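Data first, discussion second: the structure below is written as structure tokens.
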């Protein structure tokens with residue numbers, strides 16, 4: 001079950017949506033203190049039927065004053081809450097944020113409730129939709145290998161180790177005893193960065209520049 005309470009004083013244009021509201025709500029309650037709102041003659045017959053079966057209530061406050069309709073809605077919301085089942089949902093149409101207190105009280109009593117501000121609704125509808133952005137793919141950082149590190153090391157120094165033993169010691173010193181010297185030496189040979197002839201090491205500068213860390 002859904003109940004709609006309309007602050008006609010605050011939202012007079014809501015009367016234009018009355019027939020639509022009656023189709024969507026089990027009961028509609030209109031509250032006002034002073035209003036010059038009119039309905040089309042064609043509505044008289046359908047409205048007479050919903051008034052007679054208690055689906056539409058039009059309540060005029062006995063006195064005209066500031067926030068009179070607000071107090072009326074607060075009172076009527078309490079009366080209807082006592083009569084309706086706990087599963088009943090309440091909507092209050094008003095631009096007056098003070099009626100949020102009524103919504104909060106309904107929720108405090110375990111009722112589903114919401115205030116619909118027409119001005120806010122119109123502003124939201126005018127806001128252009130923000131296009132959905134595609135997620136940015138962040139590439140994984142490249143892994144720098146000991147082979148690249150040592151090629152960069154060789155690229156910086158013109159006086160490179162001349163013999164295999166000296167080269168192995170240089171690798172050990174660079175990586176502070178990590179177990180990479182023999183493997184790294186094998187990779188340097190395999191990728192033609194170096195050649196070894198009778199323990200003498202020769203270097204291919206072009207290969208060194210290819211495999212060093214590119215800045």
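The values are calculated or read from the model by the stated rules, or taken from the named source; none is laboratory data. These numbers come from a predicted model, not from an experiment. As a convention, Cβ positions derive from the backbone with ideal geometry for all residues, glycine included, and neighbour counts pool all protein chains shown.
Key figures
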item	result
Those residues of the stretch 181-210 which are surrounded by 13 or more Cβ atoms within 10 Å (Cβ to Cβ) and in contact with a strand residue (DSSP E or B) (Cβ under 6 Å, 6 or more places away or on another chain), in sequence order	188, 194, 201, 203
Qualifying positions in the stretch 174-215 - within 15 Å of residue 157 (Cα to Cα), more than 53 Å from the chain's Cα centre (by Cα) and part of a helix (DSSP H, G or I)	205
Odd one out for residue 26, checked against (1) touching a strand residue (DSSP E or B) at 6+ places or on another chain (Cβ under 6 Å); (2) surrounded by 17 or more Cβ atoms within 10 Å (Cβ to Cβ); (3) modelled with pLDDT under 90	(2)
Filter result for the condition that a residue is loosely packed, with under 15 Cβ neighbours inside 10 Å, under 39 Å from the mean Cα position of the chain (by Cα) and part of a helix (DSSP H, G or I), over 98, 70	98
Total residues in the stretch 153-191, condition touching a helix residue (DSSP H, G or I) at 6+ places or on another chain (Cβ under 8 Å) and within 17 Å of residue 213 (Cα to Cα)	10
Neighbours by Cβ (under 6 Å, 6+ apart or cross-chain): first from the stretch 169-198, farther than 19 Å from residue 144 by Cα and assigned by TED's automatic domain parsing to the domain that holds residue 150; second modelled with pLDDT of 85 or more and in a strand (DSSP E or B)	194/201; 194/203; 195/202
Scan of the stretch 46-66 for residues that are within 20 Å of residue 96 (Cβ to Cβ) and in contact with a helix residue (DSSP H, G or I) (Cβ under 7 Å, 6 or more places away or on another chain), ordered by number	59, 61
